[in-house]
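Written out below as structure tokens is the structure these notes cover.
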Amino acid sequence: MNDKRDMTGSDEKAANAMWGGRFAAGPSAIMREINASIPFDKALWRQDIAASKAHVAMLGVQGIIAGEDALVIANGLDAVAAEYETDGVPEDWDREDIHMTTEARLAELIGPVAGRLHTARSRNDQVATDFRLWVRDAFAELGAGLAALQQALVTRAGEHAADIMPGFTHLQTAQPVTLGHHLMAYYEMFRRDRARIADATARMNECPLGSAALAGTGFPIDREATAQALGFDRPTANSLDAVSDRDFALDYLWCCSSTALHLSRLAEELILWASQPFGFIRLPDSLSTGSSIMPQKKNPDAAELVRGHSGRVIGALTSLMITMKGLPLAYSKDMQDDKPPVFEAAGLMGLSIAAMTGMIAGATFNTARMRAAAEMGYATATDLADWLVRARGIPFREAHHITGAAVKLAESRGIALDQLPLADLQAIDGRIDDSVFEALSVDASVAARASYGGTAPDQVRLQVTRAARALGLEE
Ligand code: ARG
């Protein structure tokens, strides 16, 4: 970057072709640079062409411009699109953004008739329309990625519906759970994320085109027609709101953030589980890296980056909220900064979801090690207390106390609860007999938790079946 930038308007640079009528000199170099959004909003070119074609077709039908002019412009737009497709969108700061770039190229191709395209519209409703179209596709892509991740989770949960692992609270062994149950917990989070996406997509599907600069237009446009042509449910109802609303982008970033937060929690678990002290899981080689210095290392980098990217995605949401919060109606140029955070978040989400799907689908679970960890952590202490309540009618608080004494004794000997001799248990409380041992195994513990949504293998299978049906999977 040059720190001696030219701040004076250059005389050789002609005044801008779009608004130059009022200007004596062209913009300074710094103005051209700070003003330009083409380096990033060229990503909107397909949407920009589609919206312009819908607009010009409507102008022709309404007789606002001549039918043959509308046709020439529409064909010209196709020609511009074909160029973009093969050569990419040219980045000329003098053409500021994708809207001006397309219109200027159109004029080069078809001549002055191109100037009729911008009748009854403004870049303000144009960018609002283009960006909505882009975000609508991004929502669809996010939802599709999540559906694939859910499929992977449901498949693995079905395989491991009865495999036992420690369930944690405070990251301390709490009660035995099934691995399938644990995986299905994430299925639920992503189910809610997809519901949020569906909800936000339905809400945003209104077309700003025809709101013009801010106040609507005096031309007899047909907003229903353009809305329909672009797949919107209806036109927006308030032109001031329509050109200055970016709620759809904020909704998108919130959906990304919520999903990223869930992905990050799952990534954190995979990282813990892959560590040597846990040893619960082996991540696929294809999604791991080695160390350049420590030959034994296999690092869960993909999971760590999913966890890391979540911070950037949440940052994107924060960034756009702060951009928007002080803006009066209607359009302000600050809003041009709406696109980079959305584009960045979309890219990060695509990668993160794909990496997570690969890790879940390709992970090897060390079920023997998980089971041993559940057996060693006194995870069935609650089952002993519950047995005292159920089989002996002891109040739960007293049962809790008796069980605490049993855990203390087992711990002092370094053995599991169900390895305590009956005589020792009876010394703690005489009401215990050897039928207690049926309740103390981890298998009995999870099988007992058959309440709706509980960890019992049958409950997990029920939820897996329902989820598979909801995802349209064959069984
Ligand atoms: N490049 C602008 C943006 O992305 C387009 C709208 C410009 N409108 C205006 N009145 N300057 O927001």
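The values are calculated or read from the model by the stated rules, or taken from the named source; none is laboratory data. Treat the numbers as computed from the prediction; the structure is a model and nothing was measured. Heads up, the Cβs are rebuilt from the backbone with ideal geometry, glycines too, and the neighbour counts pull from every protein chain shown. In case anyone asks, the SASA skips ligands and DNA or RNA and just uses the protein heavy atoms, side chains included. Shrake-Rupley method; radii C 1.70, N 1.55, O 1.52, S 1.80 Å.
Determine the gain in length on full extension of the stretch Gln228-Phe168; use 0.36 nm per residue of separation and subtract their C-alpha separation, reporting nm with one decimal. Let's see the in-between values first.
On the way: separation 60, 0.36 × 60 = 21.60 nm, distance 5.18 nm.
Going from the current span to full extension adds 16.4 nm.
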**Message:** What distance in nm lies between label points placed 7 Å from Cα along the C-beta direction at Ala24 and Asn238?
**Reply:** 4.1 nm
**Complete:** With 0.36 nm assigned to each residue of separation and the Cα-Cα distance removed, Glu91 to Phe219 gains 42.8 nm
**Fill in**
In order over region 192-197: 3J(HN,Hα) from phi, Karplus 6.51/-1.76/1.60, θ = phi - 60°, whole Hz, x for each Gly or Pro, gives 5, 4, 5, 5, 4, 5
**Request:** Could you give me the radius of gyration and the Dmax of region 355-439, taking only the C-alpha atoms into account and expressing both in angstrom?
**Result:** 16.7, 55
**Residue-normalised accessible area of region 147-230, expressed per residue, 1.4 Å probe, Å²** = 42 Å²
**Request:** Select from Gly210, Pro235, Met165 the residue farthest towards the positive end of the dipole of region 165-247; place +1 on Cβ of Lys and Arg, -1 on Cβ of Asp and Glu, and compute about the Cα centre.
**Result:** Met165
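Longest span of the chain, sites excluded, free of chymotrypsin sites (Phe, Trp or Tyr not before Pro) in DSSP loop with at most 13 other C-beta atoms within 10 Å?
Details: sites that count: Trp19, Phe23, Tyr452.
With a cap of 13 other Cβ atoms within 10 Å, the longest stretch comes to 24-451.
On full extension of the chain, what length is gained from Leu109 through Arg46, given 0.36 nm per residue of separation minus the C-alpha to C-alpha distance?
20.9 nm
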**Request:** Output ³J(HN,Hα) for region 154-159: one whole-Hz value per residue in order, computed from phi by the Karplus curve 6.51 cos²θ - 1.76 cosθ + 1.60 with θ = phi - 60°, and x for Gly and Pro.
**Result:** 5, 4, 5, 5, x, 5
**Kirkwood-Stokes translational diffusion coefficient of region 67-152, alpha-carbon pairs, 10 °C, 1.306 mPa s, µm²/s** = 106 µm²/s
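Once you compute Rg and the Kirkwood Rh from C-alpha atoms, what is the Rg to Rh ratio for region 248-331?
Details: Rg = 17.9 Å, Rh = 14.9 Å.
Across region 248-331, the Cα-based Rg/Rh ratio is 1.20.
Compute, for region 346-436, the length of the dipole vector about the Cα centre, with Cβ point charges of +1 (Lys, Arg) and -1 (Asp, Glu) only. Units Debye, rounded to 20. Each step should come with its number before you reach the end.
Numbers: 8 positive and 10 negative charges, 50 e Å.
Value, rounded to 20: 240 debye.
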**Prolate/oblate/rounded call for the chain, Cα gyration tensor, a/c under 1.5 rounded** = prolate
**Prompt:** Of Leu462, Leu171, which has the most accessible area and how do the rest follow, probe 1.4 Å?
**Reply:** Leu171, Leu462
**Fill in**
Relative contact order as a percentage, region 240-321, C-alpha pairs under 8 Å and 6+ apart, gives 40 percent
**Request:** Scan around Gly167 for amide H atoms under 5 Å from its own, H built in the peptide plane at 1.01 Å from N, and keep only partners 5 or more places away or cross-chain.
**Result:** Ala174, Gln175, Val177
**Request:** Would you grab the residues whose amide H sits under 5 Å from the one on Asn299? Only those 5+ places off in sequence or on another chain, please, with H modelled 1.01 Å from N.
**Result:** Thr289, Gly290
**Prompt:** How high is the FRET efficiency between Val61 and Ala361 when r is their beta carbon distance and R₀ equals 60 Å, given to the nearest 0.05?
**Reply:** 0.75
**Prompt:** Of Ala140, Gln62, Ile49, which is farthest on the positive side of the dipole of the chain, counting Cα position, with +1 on Lys and Arg Cβ, -1 on Asp and Glu Cβ, and the Cα centre as origin?
**Reply:** Ala140
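Evaluate E = 1/(1 + (r/R0)^6) for Ala427 and Asp458, where r is the Cβ-Cβ distance and R0 equals 35 Å; express this FRET efficiency to the nearest 0.05. Working shown, then result.
Values: r = 37 Å, r/R0 = 1.05.
That pair, Ala427 with Asp458, gives E of 0.45.
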**Asked** Gln426: net charge of surrounding residues, Cβ under 10 Å, Lys/Arg +1, Asp/Glu -1, itself excluded?
**Response** -3
**Asked** FRET efficiency for His400 and Ser286, Cβ-Cβ distance as r, R0 = 45 Å, nearest 0.05?
**Response** 0.40
**Message:** Just to confirm a number: summing +1 for Lys and Arg and -1 for Asp and Glu over residues other than Tyr187 whose beta-carbon lies under 11 angstrom from that of Tyr187, what do you get?
**Reply:** +3
**Prompt:** If you plug each phi of region 225-240 into the Karplus form 6.51 cos²θ - 1.76 cosθ + 1.60 with θ = phi - 60°, what whole-Hz ³J(HN,Hα) values come out, in order, with x for Gly and Pro?
**Reply:** 5, 5, 4, 5, 4, 9, x, 8, 6, 6, x, 5, 9, 9, 5, 5
**Request:** Return one number: the angle in degrees, 0 to 90 and rounded to the nearest 10, between the long axis of the Cα atoms of helix 457-470 and the longest principal axis of the Cα atoms of the chain.
**Result:** 20 degrees
**Request:** Net charge near Gly362: determine it from the other residues with C-beta under 15 Å of the C-beta of Gly362, scoring Lys and Arg +1 and Asp and Glu -1.
**Result:** 0
**Asked** Label points 7 Å out from Cα along the Cβ direction at Glu268 and Glu188: separation in nm?
**Response** 1.8 nm
**Item:** Two-decimal log10 I(q)/I(0) for region 235-387, as the Debye equation yields it once each C-alpha is a single scatterer, q = 0.15, 0.19 Å⁻¹
**Value:** -0.84, -1.08
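Using a 1.4 Å probe over the heavy atoms of the protein chains, calculate the carbon and sulfur portion of the accessible area of the chain as a whole percent. Don't skip to the answer; put the middle values down first.
Values: 12150 of 22380 Å².
Carbon and sulfur together cover 54 percent of it.
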**Message:** Defining a contact as two alpha carbons under 8 Å apart and six or more residues distant in sequence, what relative contact order in percent does the chain show?
**Reply:** 16 percent
